[in-house]
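Every number in this text was worked out from the coordinates using simple rules, so none of it is lab data. Bear in mind the structure is a predicted one, so any value in this text is a computation, not a measurement.
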Amino acid sequence: MELVFDTYRKQVNESIFLIGGNAMDLPFKDCSFEYTVVKNLLHHLVGRTRRESKAFGKRAVEELMRVTKTGGYIIILDQYNRRRFFSAIIFYLTLFCSIFSISFESFGWGKNVIVSFLTPVETRDFLTGTGNIDIVMNVENRLELSRRWRYTLLMSNIGRLVVIGKVKKCE
Ligand SMILES: C[S@@+](CC[C@H](N)C(=O)[O-])C[C@H]1O[C@@H](n2cnc3c(N)ncnc32)[C@H](O)[C@@H]1O
């Protein structure tokens with residue numbers, strides 16, 4: 001499922017059935033799927049503040065819980081930043097750059113990309129917060145960055161995580 005449906009429709013593999021829609025308001029009935037996967041999305045769900053961005057991530061995970069059957073699995077793959085302070089700086093910098101159409105190509109930082117990284121704990125808490133999910137897998141891989149990024153400190157402790165939660169009961 002994709003928010004910017006028209007852009008991705010042209011790229012998608014013929015065997016994939018792509019649906020347009022918002023991850024925070026999934027166009028599916030309750031308890032529809034045995035497996036739901038969200039990959040590289042949560043840090044792109046951004047609001048006007050960090051708090052609002054985090055609320056959007058929580059909302060997206062709640063939607064996954066709503067549409068996943070009892071005994072089904074929710075699989076979250078995302079990038080994390082362990083340093084919340086630096087994530088906040090990155091968020092407001094990317095927001096500022098987006099508003100004023102500034103890009104830093106040498107950092108691979110496009111002018112229309114705003115990111116709000118979460119910590120692994122924050123991501124897992126979205127799943128465990130309701131008490132209705134058992135975490136069955138949790139893997140974190142720290143990423144080694146190029147020197148130019150390391151010197152900024154902003155991304156000095158980032159990585160990728162995979163969290164799989166099993167739904168105890170879909171209501
Ligand atoms: C970094 S890409 C990841 C794409 C794909 N999941 C992957 O891993 O290759 C993030 C995608 O999320 C989409 N997106 C952003 N906000 C969304 C939302 N609220 N609902 C659904 N898709 C959204 C963006 O348009 C973009 O295509």
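Going down the list Lys111/Lys168; Lys29/Lys54; Lys69/Lys111; Lys10/Lys111; Lys54/Lys168, which pairs span over 31 Å between their C-alpha atoms? Don't jump to the answer; show the numbers that get you there.
Values: Lys111/Lys168 42 Å; Lys29/Lys54 24 Å; Lys69/Lys111 39 Å; Lys10/Lys111 23 Å; Lys54/Lys168 24 Å.
From the list (Lys111/Lys168; Lys29/Lys54; Lys69/Lys111; Lys10/Lys111; Lys54/Lys168), the Cα-Cα distance tops 31 Å for Lys111/Lys168; Lys69/Lys111.
Summarised as an ellipsoid, the chain has semi-axes of 28, 20, 15 Å, derived from the eigenvalues of the Cα gyration tensor scaled by 5 and square-rooted, with the largest first. Amide hydrogen proximity for Leu118: with H placed 1.01 Å from N in the peptide plane, the residues at 5 or more positions away or on another chain lying under 5 Å are Asn81. For the Cα trace of the range 29-68, dividing Rg by the Kirkwood Rh returns an Rg/Rh value of 1.05.
Computed on the Cα trace of the range 71-171, the radius of gyration divided by the Kirkwood hydrodynamic radius gives Rg/Rh = 1.07.
Of all DSSP bridge pairs formed entirely within the chain, close to 70 percent run antiparallel.
Answer rounded, prolate or oblate for the range 1-86, using the Cα gyration tensor with square roots of eigenvalues a ≥ b ≥ c: rounded when a/c is under 1.5, else prolate when a/b is larger than b/c, else oblate.
Values: a/c = 1.82, a/b = 1.28, b/c = 1.42.
Because a/c hits 1.5 or more and a/b fails to exceed b/c, the range 1-86 counts as oblate.
For the range 1-90, DSSP calls about 10 percent of its internal beta bridges antiparallel.
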